[in-house]
Amino acid sequence: MAAAGALGLDVAGVDVVCEDCGQPLEDQRGAVVEVNAGPGLRMHLEPSAGRPRDVGAAVVDALFPNEETGRIPVVAVAGGSVVARLIAWLCRAGGRFAGLACRDGLLLNGRLADSHDAATAGGARSVLANRRTQVAVLEVSPRSIEEEGLGFDQADVTVMIGSVVGAWDAGIRQVVSAATKSSGCVILDGISPQIAAIATKLPQRALLFAADEAMEVLMSHRRANGPVAFVRDGMLMLAEGPDETGLVSAADIPAVRNGHLPVEAALAGVAAAWRLGVSPDCIRDGLRTFEWK
């Protein structure tokens, strides 16, 4: 297991020279002579002697335990690298290895792996191919969608910033929303009746955010038990039905205070983290420590 793990392999064939495979190698001057990334199974399924063993089923059970699908949460962000970076930061604060592909580059759990524009299908695939990634935050752009497609099949959460996405072609907007799981969530800024109309037509659950709690679109969505994020007396708030959670004052968020993170972007980021199951305490810690660069 150690030999396979050192090479980043979950399944491998390991050739060993030793006198007794039931004893530690170092005690008998044994050694690993080869690690094969594509081991054959036939010798186990149809052995020349002895009982056949269904090793294929054992491999599948090990890779996908407890009926898991092997999928990880995917967040699609349409309309801002700063929002994508905040979401990835909050996921890290929640203890997950976050892979981020955005216009600022490719970041793996905060480490810059590539400084080129990664808001592309190729950037998305790079994040998803990394075996350590536990949540993928993927910024999308109209140009990349037209030239390459999305680079992923379905998102669990999609963030659509109206001030940016509003200028996109309607077909591109439809591609992004259609790529969200029916059981997922689409996060929209609740600034106009047009947004409210979009929210009611989505097959997915919609979450609306706005800096002004008193906006009618936001209030109407909340009255219908829709989840919302807003600011009250300077405090970032999350609410669903009658339940409310206060997070942190905008004045206590360094990136907001110095003008690098708009309050609306902060609301979009915390809304996405909330839908991904990041706890309020972790969101608070993440907001207070978020580094915008």
Those residues of the range 197-207 which are among the aliphatic types (A, V, I, L, M) and either more than 16 Å from Gly241 (Cβ to Cβ) or part of a helix (DSSP H, G or I) (or both) amount to Ala197, Ile198, Ala199, Leu202
Kindly establish whether Ala272 is crowded, with 22+ Cβ neighbours inside 10 Å, assigned by TED's automatic domain parsing to the domain that holds Asp104, touching a Cys at 6+ places or on another chain (Cβ under 9 Å) and not in a loop (DSSP other than H, G, I, E, B). yes
Please find, among Gly22, Gly110, Gly122, Gly50, the residue that is in the same structural domain as Leu267 (by TED's automatic domain parsing) and either under 25 Å from Ser279 (Cβ atoms) or without any contact (Cβ under 8 Å) to a residue 24 or more places away in the chain (or both). Gly110
Within the range 92-107, take every residue that is farther than 17 Å from Val77 by Cβ and hydrophobic (A, V, I, L, M, F, W, C) and give me the one that is farthest from the chain's Cα centre (by Cα). Ala93
Does the range 132-151 contain any residue that is more than 27 Å from Ala210 (Cα to Cα), among the acidic types (Asp, Glu) and modelled with pLDDT of 90 or more? no
Residues located in the range 208-246, provided they are within 18 Å of Ala265 (Cβ to Cβ) and assigned to a helix (DSSP H, G or I): Leu218
In the range 45-81, which residues are modelled with pLDDT of 85 or more, surrounded by 14 or more Cβ atoms within 10 Å (Cβ to Cβ) and in a helix (DSSP H, G or I)? Val55, Ser81
Members of the range 1-36 found to be part of a loop (DSSP other than H, G, I, E, B) and touching a strand residue (DSSP E or B) at 6+ places or on another chain (Cβ under 8 Å), listed by number: Leu7, Leu9, Ala12, Cys18, Gly30
Could you tell me which residue of the range 107-143 is surrounded by the most Cβ atoms within 10 Å (Cβ to Cβ), considering only residues that are in contact with an Asp or Glu (Cβ under 9 Å, 6 or more places away or on another chain) and hydroxyl-bearing (Ser, Thr, Tyr)? Thr120
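The values are calculated or read from the model by the stated rules, or taken from the named source; none is laboratory data. All of these numbers come straight from a predicted model, not from anything done at the bench. Note that each Cβ is placed from the backbone with ideal geometry, even for glycine, and that neighbours are counted across all protein chains shown.
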